[in-house]
Amino acid sequence: MPPVTVQFLKNPDILHWGFAASLLGEDEYGRWIALPKGSKRWKGETAVGPAGENAVFCAPHDGWWHLHYNGEASRYSHFVDIVTPPRWVSPHRYEMIDLDLDVALRHDGTVEIQDEDEFQVHQVRYGYSPEMVERAVEETAWVVDALQSRREPFFEIASSWLDRL
């Protein structure tokens, strides 16, 4: 599997979370990225502990979201960051601006929106454009509905990519 660096930024040039991963493949939804247990992770320029379990990411072809799916392995089965559309800056690296809002699905089926307070603060601090704010709010509502309605690629498709690890 070809190596891939997954880099989240804060608007637009501040390093945020990063992951050393591998490209699994591509389908109609996006490119699927493997994050095996033990993979390197960092926040800013500081290494943090390795990934604690196998996971897959989906960098969608279209959409202002980024899926982190790890099935039953952690407290959330699904963690969806609201981001600018993932942009491939090279065949081995993609980047996106983290717009703070996250949508998490707990194992009991509860969907929660996280970091709304951070989103309010960062709109000013990082100068989010009106389009970024509007798209982030719309995409958050779409992801909540998609998770509650069990739409793809968030369930069987994500699980099938995770099974490939």
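Just to be sure, is Asp98 part of a strand (DSSP E or B), within 21 Å of Ala59 (Cα to Cα), in contact (Cβ under 8 Å) with a residue 60 or more places away in the chain and within 14 Å of the chain's Cα centre (by Cα)? Let's see the steps before the verdict.
Working: part of a strand (DSSP E or B): yes; within 21 Å of Ala59 (Cα to Cα): yes; in contact (Cβ under 8 Å) with a residue 60 or more places away in the chain: yes; within 14 Å of the chain's Cα centre (by Cα): yes.
In short, yes.
The set of residues in the stretch 113-149 being farther than 10 Å from Val103 by Cβ, among the aliphatic types (A, V, I, L, M) and either at pLDDT 95 or above or buried (at least 16 other Cβ atoms within 10 Å of the Cβ) (or both) consists of Val121, Met132, Val133, Ala136, Val137. Of the strands (runs of 3 or more DSSP E) lying entirely inside the stretch 1-95, those containing at least 2 residues that are over 14 Å from the mean Cα position of the chain (by Cα), buried (at least 16 other Cβ atoms within 10 Å of the Cβ) and aliphatic (A, V, I, L, M) span 14-26. Here are Trp32, Trp88: which of them is touching a residue at least 60 places away in the same chain (Cβ under 8 Å) and of a type in the set (Phe, Trp, Tyr)? Residue meeting the stated conditions: Trp32.
The values are calculated or read from the model by the stated rules, or taken from the named source; none is laboratory data. Owing to the predicted nature of the structure, the values given are computational and were not obtained by experimental measurement. Ideal geometry is used to build each Cβ from the backbone, glycine not excepted, and the neighbour counts take in all protein chains shown.
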